[in-house]
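Remarks on the structure that follows.
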Amino acid sequence: MAQSMGTAIDSLNAAYNSNIIPNQEYLLQGSILDSAVEVLLHRLRGLCDNVDSSPETFDDHEMCFSIRVMNTPPLVLRVRRALDHPEMPWQLRYIGQPELGDKSRPTIVRSSLDIGTSSTVVEFLTELGCHLDFEYITKGYMFRKGRMKITVSKIFKVNQGNEGGSDGSGGPPKPLSQSYLVEVSVVAHNGLDAVAEDVRAFADQLRPLVLLDKIDYKRL
Amino acid sequence: MAYSVNIAVEAPVENQIQEITYDGQEIYQSPLSMSENLSKLAQKIDFTKQLAEDVKKEPTDSSESCDDEANSKETLTYQSSLWPWDSVRNKLRNALTEVCVLSDVLAVAKEKRYLVLDPVPQEPQEVKQMVQVFARKKALAGAASVLLNGAERLRTSHNEMARNRNTPDFHIELLRLRQNWRLKKVSNSIVGDLSYRTAGSKYAQTGMFEVTKAEEEPTAGSSPPPSPTNAAPPKPGSALRVTVPSELQGVAYIEVLCQKDQEDLCSSTINLLGSGTTSTNPDVHWQQKLEAAQNVLFCKELFNQLAKEAVQLQAPIPHMVVGNQIMATVLPGIQLIIGLCHSTGSDKKPPPAPPPQKSDHDHVLEHSLHQLLREVHHRNTHHPFPHPASGAIGPSKKRCLAGPIAADRYDLLQMTQGQTLLEQIIQQAQHFFMRLRTEYVLDTIAKEVKDPLIVSHWNALNSPTQSCVKINIMTHGYDTVCRTSLVVHVGEKSLKCVCRDGRVMHMSYEPQELRDLIFCQIYQHQINAVQALAKCMGWQFLSNSAHLGIGAVEPLGNASSCILASPTGDRIIAVRCEPQTGVQVAIAQSPRKDFFPGQLVKERKWENLGGSFKEVRWDKMEGKNFLNKMELLMASLTSS
């Protein structure tokens, strides 16, 4: 038993060192007003793979937990579940600090780890000592082009009585703004600048409908 | 050597030139006559002055009187009394005033505050503008004539083409081509792609084709066409020509044969296409050419994939790949042969060996192969989307769930394994044969056995690897009395039979097993039917046995029997059914007819025990079928 565990850890380390685990996300974000989102959806439908199938919709509820350890910045963990597919596992996600880089870097690079979990993850995190910072519901469309994932989504506020909109007791969730958030991202392992170039090239094709760019959260 | 040159010495011209006419003639001022000379000299004398002063002032006055406009103020000399130079003095003063005024005006104008000098507009010179107008008109006329010539030429050529619609325009053809195929312009040639790469294929061979203009016939163009009867090509042709790569030319298809075992495994040859549509015809339309090339590429990819799998798979009887044929064993004694038939137009005629296998070409399996490859392509492009949306694209739903449900290594390995194309097509072929055999067995039994009727209903919905058939065994005229049903699931290499009473029986691919089963079921049906009939007739059911342990051992199945008693109890019928020898019926009477009290058995009451059974000659019995006969027998034995 010990031997098999040893080999498992060894193989994990080897995998980590040999750069095959996809733990970096190359990302570009932008927004578009509600009045123009139909045009964007049509264009994305033409540009992305699988033109024959209608765009995939999604309806997710995301909760953001944070835990404070002394003298270090708080660790932020996100728990996301699909409201329209309740049988799919919940997702625990860690997103690292985004590196914007200089002008030569086409996209934001941030480390991203996501793990499938059961629905007890909220209880688990609460037991660990995490607090719920905020939560929201996001609904929209997903597209795919090669390795890139493009999402066009609208953020909604969670109604208190609603618990994610499954039952209609609190009423439908309210949108936060009159616009949609557009994101283009690729999750890959370290050091793939060609992928970032591809993301930038694709984002340029969506101009002038939506300007996708590196967003610096600290300067917002 | 010095030559003497005549030199003429002349005085210079004394008279001034007054005028030079246009033809170069000089007109001299005529020399002064004597009187004129004298008056000129006299004018120079100032008679009003004294001689000495006159002499001094003369030169100054004369100089003033000669140039009267350019003098400055210092020459102003005020004369106290009038004298003969007064007019001169007045004139000078006037001149001075004028000059002063002029200088003041100039000074004021220079300041530009109160007075400004503006140029007086010149009158337009009409003569020059007309020249310009004429020049421009001529230039425009020249340009217009060039343009009109060009337009005229275009119009005539367009009308020509509209009249001879035989050869359509290159650009319109290109537009049509572009609507169907992907084209790209590379340097100065047009290149297209007919492979399935964007549909998900990962095959290495490219499907590039080139588009060029078709050669122009000498009669086309701006010259008026000669009479259409001569030198016109038989077919109109199109304006563009596509060049497909040489390995994709021609027509190809995948031939699938199922045949029984040959003694010599390599003897089955697949003949190349005997059926028409050779594409040697260069005038074939580009759409058909491209479609044929695409089909060739698809068949090549399919065959390549199958051949790779045939070599890699470990089967109990190994698959053989020879040339462009793959041979796989489907069932013992039956082989599946998949071959790639590719005929280019340049081949010689195929040898006239009669292709009897050609009629065996299984179109259904060929279509299945195409569908399977298309499914592989589809899976390569349509990856499931992640839910929730922040997940990774790619893992299937099972794979996503594998983490939370703590799947072990074995489960994960199972998830990665899938069936290859060859395995799938072999399974489909196996199922096809199983179905065929099952149909044959059921049809044969239905033809042979008339007494209970065998009715089989095949399910309309089935899959390529599973079908179901429901079999009803019933007697004609008594179908409401008793009916035995069973369902047979036909799989790839086995059959599963589910009976009404819950028994499940698994059979192998041998058809004899199903036949035996059906026969057993038939005779069990008879016994059950007799029991049901007895209920209808009012006869009592005394006992039955599905697997009788008495009597001779049956070669097939077990005998079954039942014993019935009449309503009054005085008659007993015993029936024994078994698949090999059929039906035996015997009857007994309750009060024995042949009771005689003997030494051991003295009393009369023992006659009620019942007599021995006497067999009925069943073939002489009246009745259409077994149940009918039983009914009549029961009816005849019933005594009220």
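Can you list the equivalent-ellipsoid semi-axes of the protein assembly as shown, largest first and in whole Å, using the square root of 5 times each Cα gyration tensor eigenvalue?
119, 45, 27
At 0.36 nm per residue, minus the direct Cα-Cα distance, what do B:LYS602 and B:ALA199 gain on full extension? Give it in nm, one decimal, please.
Gain on stretching B:LYS602 to B:ALA199: 135.2 nm.
If you take the beta carbon distance between A:ASP52 and B:GLN314 as r and set R0 to 41 Å, what does 1/(1 + (r/R0)^6) give as a FRET efficiency, to the nearest 0.05?
Approximately 0.60, to the nearest 0.05.
Do the alpha carbons of any pairs in A:LYS103/A:LYS214; A:LYS154/B:LYS398; A:LYS145/B:LYS308; A:LYS145/B:LYS398; B:LYS184/B:LYS213 sit beyond 20 Å of each other, and which pairs?
A:LYS154/B:LYS398; A:LYS145/B:LYS308; A:LYS145/B:LYS398
Based on the Cβ-Cβ distance of B:TYR410 and A:ASP84, what FRET efficiency does E = 1/(1 + (r/R0)^6) give at R0 = 22 Å, to the nearest 0.05?
Here the calculated transfer efficiency is 0.10.
Reachable lysines from B:LYS49, Cα under 22 Å, same-chain residues fewer than 8 places away excluded?
Output for B:LYS49: B:LYS40, B:LYS57, B:LYS91.
For q = 0.20, 0.22 Å⁻¹, what log10 I(q)/I(0) does the stretch B:424-523 give under the Debye formula with an equal point scatterer on each alpha carbon and no solvent?
-0.98, -1.16
For the stretch B:490-640, what does the convex hull of the Cα positions come to per residue, in cubic angstrom?
Dividing the Cα hull volume of the stretch B:490-640 by its residues yields 143 Å³.
For the residues B:HIS383, A:HIS61, what sequence is obtained by ranking on other C-beta atoms within 10 Å, fewest first?
B:HIS383, A:HIS61
How much length would be gained if the chain were fully extended between B:ASP594 and B:ARG379, taking 0.36 nm per residue of separation minus their Cα-Cα distance, in nm to one decimal?
68.9 nm
Determine the principal axes of the Cα atoms in the stretch A:1-65, then give the extent along each, sorted from largest to smallest and rounded to whole angstroms.
On the principal axes, the stretch A:1-65 reaches 60, 33, 21 Å in Cα extent.
For the residue pair B:SER246 and A:LYS218, what label-to-label distance in nm results when each label sits 7 Å from Cα along the Cα-to-beta-carbon direction?
Label at B:SER246, label at A:LYS218, 6.5 nm between them.
Please go through the residue pairs B:LYS605/B:LYS629; B:LYS447/B:LYS614; B:LYS447/B:LYS496 and name each one whose alpha carbons sit more than 26 Å apart in this structure.
Beyond 26 Å: B:LYS605/B:LYS629; B:LYS447/B:LYS614.
How far is it, in nm, from the label point at B:ALA139 to the one at B:LYS184 when both lie 7 Å from their Cα along the line to the Cβ?
Inter-label distance under the simple model: 4.9 nm.
State, to one decimal in nm, how far the label point of B:GLU439 lies from the label point of B:GLN580, with both points 7 Å from Cα in the Cβ direction.
So the two model labels end up 3.4 nm from each other.
Can you sort B:ILE425, A:ILE32 by how many other beta carbons sit within 10 Å, fewest first?
A:ILE32, B:ILE425
Assuming R0 = 22 Å, what is the FRET efficiency of B:LEU147 and B:ARG176, from their Cβ-Cβ distance, to the nearest 0.05?
Once rounded, the FRET efficiency stands at 0.10.
Considering only B:LEU117, B:LEU154, B:VAL13, whose Cα is most displaced toward the positive end of the charge dipole of the protein assembly as shown, charges sitting on Cβ of Lys, Arg (+1) and Asp, Glu (-1)?
Positive-end residue among those listed: B:LEU154.
Residues of the stretch A:16-44 with amide nitrogen under 20 Å from the 7 Å Cα-to-Cβ point of A:TYR94?
Residues A:16-27 fall inside that zone.
Exposure proxy check: B:LEU194, B:LEU517 ranked by fewest other beta carbons within 10 Å?
Fewest to most other Cβ atoms nearby, the residues stand as B:LEU517, B:LEU194.
Out of all Cα-Cα pairs in chain A, roughly what percent, to the nearest whole number, are more than 28 Å apart?
Pairs farther apart than 28 Å: 38 percent.
Provide, as a two-decimal number, the C-alpha radius of gyration of the stretch A:72-127 over 2.2 N^0.38 Å, N being how many residues it has.
1.47
Each value in this text was obtained by applying a stated rule to the coordinates, not by laboratory testing. The shown structure was predicted, so the numbers you read here are calculated from the model rather than taken from an experiment. Every residue, glycine as well, gets a Cβ built from its backbone with ideal geometry; the counts of neighbours run over all protein chains shown.
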